1. Relative contact order of the chain: what whole-number percent is it, with Cα pairs under 8 angstrom and at least 6 residues apart?
2. If I build a Gaussian network model for the chain, linking alpha-carbon pairs within less than 10 angstrom, which residue out of CYS92, CYS183, CYS124 has the largest mean-square fluctuation?
3. Using Cα springs under 10 Å in a Gaussian network model of the chain, which residue among VAL307, VAL321, VAL279 shows the largest mean-square fluctuation?
4. If we restrict to alpha carbons, what Rg and Dmax does region 101-245 come to, in Å?
5. Connecting C-alpha atoms closer than 10 Å in a GNM of the chain, tell me which of ALA33, ALA201, ALA72 has the biggest fluctuation.
6. Under a 5 Å amide H to amide H cut-off, with H placed in plane at 1.01 Å, what residues pair with HIS299 once short-range neighbours are removed?
7. What whole number of Å gives the distance from the Cα centroid of region 147-211 to the Cα centroid of region 116-143?
8. Quick one: what Rg and Dmax do you get for region 253-341 from the alpha carbons, in Å?
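Where a number appears in this text, it was derived from the coordinates with a stated rule and is not lab data. It should be emphasised that the depicted structure is a prediction, and the values quoted were computed from it without experimental measurement. Please note: Cβ atoms are built from the backbone with ideal geometry, for glycine as well, and neighbour counts cover all protein chains shown.
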Amino acid sequence: MIIDCHGHFTTAPPQLAAWRSRQVAAAGSSLGAPDPAELVISDEELRAAVEANQLRLMDERGTDLTIFSPRASFMAHHVGDFAVSSVWARICNDLVHRVSTLFPARFAMGAMLPQSPGVDPASCLPELRRAVEELGAVSVNLNPDPSGGSWTAPPLTDRSWYPLYEALVEYDVPAMVHVSTSCNPAFHTTGAHYLNADTTAFMQLLQGDLFADFPTLRLVVPHGGGAVPYHWGRFRGLAQALGRPEPAELVGRNVFFDTCVYHRPGIDLLAQVVPAEGVLFASEMIGAVRGVDPHTGHHFDDTRRYVDATPHFSVEQRAAVYAGNALRVHPRLAARLATAR
């Protein structure tokens, strides 16, 4: 089995973006916010949105199931206030839930949280609980920078985040540490902000004692861990200087990297440097990088080709990367698949 742990609903019907544009225009103005009931998307439209896109590519590339969450760049937690984010998160989560219900064998739900700059993270708990208990979410996306590139939030090891971690541990649900759109012109959203955030999040975790307080908490750092594998020696040296454990002691137990790395040498490096038990297969296909690599003739985000080709995973390790690790990190998904058999 091959499980893609990182997918987003980037192909949602156009009504969603149109409704969001109205909501954004109303935020902070005298305009009345649009009613969520005015957003009407049929099951047929949802089916068409994924059958011609994600499902088609999953079938072509041999992916069995994708953990599917709302479009990351659309989370835009910096827009409006908490009330705006709360309504938007509910709408996006409901849509992804509907996709996972229409195609239960192919998609499992990942939820977004209604974060907002300067707002206590505990405010997200009602939506987190609704997503897990009512919608069947097996994962959530946690934005370490709701400000959209200003980095006003405290580090992930700060106790203000602890109510969210307590709930994640209670539900045995992991979080993918994933930022959203950058509103800072110095940081391109997907080329800089995303990778900066991945690297920053790992360094925060390396500096702190979060997992002493939450030994079963699991966090997925996407996009191959940002700069971390490439600078593994730097992080080992910093850990040594700071009196912290080796980075490898975090990876595979509490921290996991995915394979959203869009060339074969990058996957080779990831496989050589990072413990295999800490790597989850993912593609984030139909995401930031959608083109065809002229050097190979294949899509950049066809990451299975790289994982299949690298000689740095054993047969057993490759099987773990493709499914075993994902099932260990997402026990609610494992339970769901076991029940379906």
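1. 16
2. Highest fluctuation of the listed residues: CYS183.
3. VAL307
4. 15.7, 51
5. ALA33
6. ASP293
7. Between the Cα centre of region 116-143 and that of region 147-211, the gap is 14 Å.
8. 13.9, 43
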